[in-house]
Ligand code: SF4
């Protein structure tokens, strides 16, 4: 009797896994009704897949039946695969039972489009409503927006979900039209815009009236597939930047395309997913969001693609050696943040610690910076005399030689951030 | 140098700080009873834990340390590491002797050691919050046991109580033989006479379990396998996130 539900879960989790978002943070839903769950504060990764991705949400499709035929998607109409569909009750029970055992932070629910957009969205809304109202579930819910769904349904969904997302899929309209002629970026922008406006409206009401309900408290996100179509990194990151600005997105996810189709428009099955490229895009995204870099500083017409061999922060530093060295004991915080090998936490510690006295090499090493990398770009109390300015190629050579093993041992795999 | 021996409790450690001032000691070496090797030539000073003395020192520290630092002090104490007792004693004296704000001096060896140890303990607390796997028992209690490197149990109630307010649960530390029990109202410390062994991971005997327990742990294992993308396999990254010593907690890693 276990077999049917196991098979369904197998099919519908498998079809959902290509959506890489796993975040469960940024919400402020507290357990105030003595119900179950708490989505306050930062999310928790309850386990990690063998490819090192965080697992914090039960990520499933309601169904993988779909009336569309997007070439990059396993659930596309023309693909000859097993199809399945959960009932509303099954999704609710799985979520509750996983949550109660501390397996997950919540639910990430998406779906293929069956019949039409509203019919599908209505089912999704019914599930989240049941979780919130009947089960008094306060855990995290990430709900996919179905393109073309009515504003009434979007509104209702927003009252129950913590985060909503809708994927751009391809970085440019041109790329999307190539693989999914039935789709457009405009139909992604419409619901993003509607929900963003509602969030703003709810927030301003909240300032006046305390009892205003929550509306998508963890905001919206989107995903861009990398490497299915031939766009440059610049096109990808500029699109991301525009969407961050226009729709106040919380996150843009970059998903290295994993070949799943023999379609001649796409990379062939068995080719390596572009994992280093994907990782570089995330690093660049971090530089924009946390390190104060403008997208034009990272990528521009002279430099339209991210380097494979060095991360974008180091790459920027090497292209802008005139801005270095930064004096650790007197330099501006924002410049210290730009030094390769120094992260946000150590930059903060540095500016705190230097109030008590000048910082020497041994202090810096203990504060947890990547000293061997940073030393090319900084001056400190006992830095050695430097007779001539080194040029970029030389520094890059030294850094690469020192970190060789790290980069060569596993060249196709995901690297960490900085 | 003077040798101070204390009973290993937080109260004892704070009392030791008090006595440094009372006895006008200069350099003090602090060891806990458990790590003390008697020495015929150096009898050392025995610190007797004293609630009032401890409270006065803690109050003095709270005066100069923000909430974050007070918690750091407590967390690094929970590490139970012999060398951290020494750092805590020196740190407390440094903070008391200096004007407020000295805790920002990360170039100071004791400040740094405590902030780093607190970070480690915090990381383990966070890992426990993530890796605890409850099993539902036949009488409706959700049970999990752990064997943390540090004594993080006292840091856990708030998180689990907020999250699982409507279910009874037990988290039991097998290494230190005590646990937490939440009874829908409050969380209390408990002892179990017959706690199962960690080697039979997360596996209470089947006759103690809820009839649906097997199904859900099976579905979770299935889910874990399905969600993996083989083309992206990267075990090095995987092990960095989930060090092998934690695998025993994870039902999805069994079988
Ligand atoms: S509409 Fe969604 S589920 Fe359907 S084929 Fe396109 S991407 Fe896949």
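The values are calculated or read from the model by the stated rules, or taken from the named source; none is laboratory data. Quick caveat: nothing in here was measured; it's all calculated off a predicted structure. We place every Cβ from the backbone using ideal geometry, glycine too, and count neighbours over all the protein chains shown.
Within segment A:275-292, the set of residues being surrounded by 16 or more Cβ atoms within 10 Å (Cβ to Cβ), farther than 25 Å from residue A:258 by Cβ and in contact (Cβ under 8 Å) with a residue 40 or more places away in the chain comprises A:288, A:291. Scanning segment A:175-216 for residues that are surrounded by fewer than 19 Cβ atoms within 10 Å (Cβ to Cβ), in a loop (DSSP other than H, G, I, E, B) and more than 16 Å from the ligand (Cβ to nearest atom) yields a count of 6. Quick one: in segment A:95-122, which of the residues that are touching a helix residue (DSSP H, G or I) at 6+ places or on another chain (Cβ under 7 Å) and in a helix (DSSP H, G or I) is nearest to the ligand (Cβ to nearest atom)? Applying the filter and picking the extreme gives A:121. If only residues of segment A:83-92 that are away from chain B (no Cβ under 13 Å) and away from the ligand (no atom under 15 Å from the Cβ) are counted, the one that is farthest from residue A:168 (Cα to Cα) is A:89.
Only one residue in A:362, A:320 is without any contact (Cβ under 8 Å) to a residue 60 or more places away in the chain and over 17 Å from residue B:116 (Cβ atoms). Which one? It is A:320. The residue that is nearest to the chain's Cα centre (by Cα), counting only those in segment A:57-80 that are within 14 Å of another protein chain (Cβ to nearest Cβ) and in contact (Cβ under 8 Å) with a residue 60 or more places away in the chain, is A:57.
Note on segment A:123-140: among residues that are in contact (Cβ under 8 Å) with a residue 60 or more places away in the chain, touching a strand residue (DSSP E or B) at 6+ places or on another chain (Cβ under 7 Å) and more than 14 Å from chain B (Cβ to nearest Cβ), the one that is farthest from the ligand (Cβ to nearest atom) is A:127. Note on segment A:251-272: residues that are touching a helix residue (DSSP H, G or I) at 6+ places or on another chain (Cβ under 9 Å) and away from every other protein chain (no Cβ under 13 Å) total 7. In the condition set (1) over 22 Å from the mean Cα position of the chain (by Cα); (2) assigned to a helix (DSSP H, G or I), residue A:246 is compliant with all but (1).
When you check residue B:147 against the structure, is it at pLDDT below 95, within 14 Å of chain A (Cβ to nearest Cβ) and out of contact with any strand residue (DSSP E or B) (no Cβ under 6 Å at 6 or more places or on another chain), yes or no? No: the conditions fail for residue B:147. Elements of the type helices (runs of 4 or more DSSP H) sitting completely within segment A:271-341 and holding at least 1 residues that are within 23 Å of the chain's Cα centre (by Cα): these cover A:275-290, A:295-298, A:312-319.
Scanning segment A:148-161 turns up one or more residues that are part of a loop (DSSP other than H, G, I, E, B) and buried (at least 20 other Cβ atoms within 10 Å of the Cβ). Residue A:185 meets all of the listed conditions (1) more than 24 Å from the chain's Cα centre (by Cα); (2) in contact (Cβ under 8 Å) with a residue 12 or more places away in the chain but one, namely (1).
Tell me yes or no: at least one residue of segment A:47-67 is more than 16 Å from the ligand (Cβ to nearest atom) and more than 26 Å from residue A:219 (Cα to Cα). Scanning segment A:47-67, I find at least one residue that is more than 16 Å from the ligand (Cβ to nearest atom) and more than 26 Å from residue A:219 (Cα to Cα), so the answer is yes. Checking the structure you have, find out if any residue of segment B:115-137 is touching a residue at least 24 places away in the same chain (Cβ under 8 Å), away from every other protein chain (no Cβ under 14 Å) and under 23 Å from residue B:186 (Cα atoms). No, there is no match, as no residue in segment B:115-137 is touching a residue at least 24 places away in the same chain (Cβ under 8 Å), away from every other protein chain (no Cβ under 14 Å) and under 23 Å from residue B:186 (Cα atoms).
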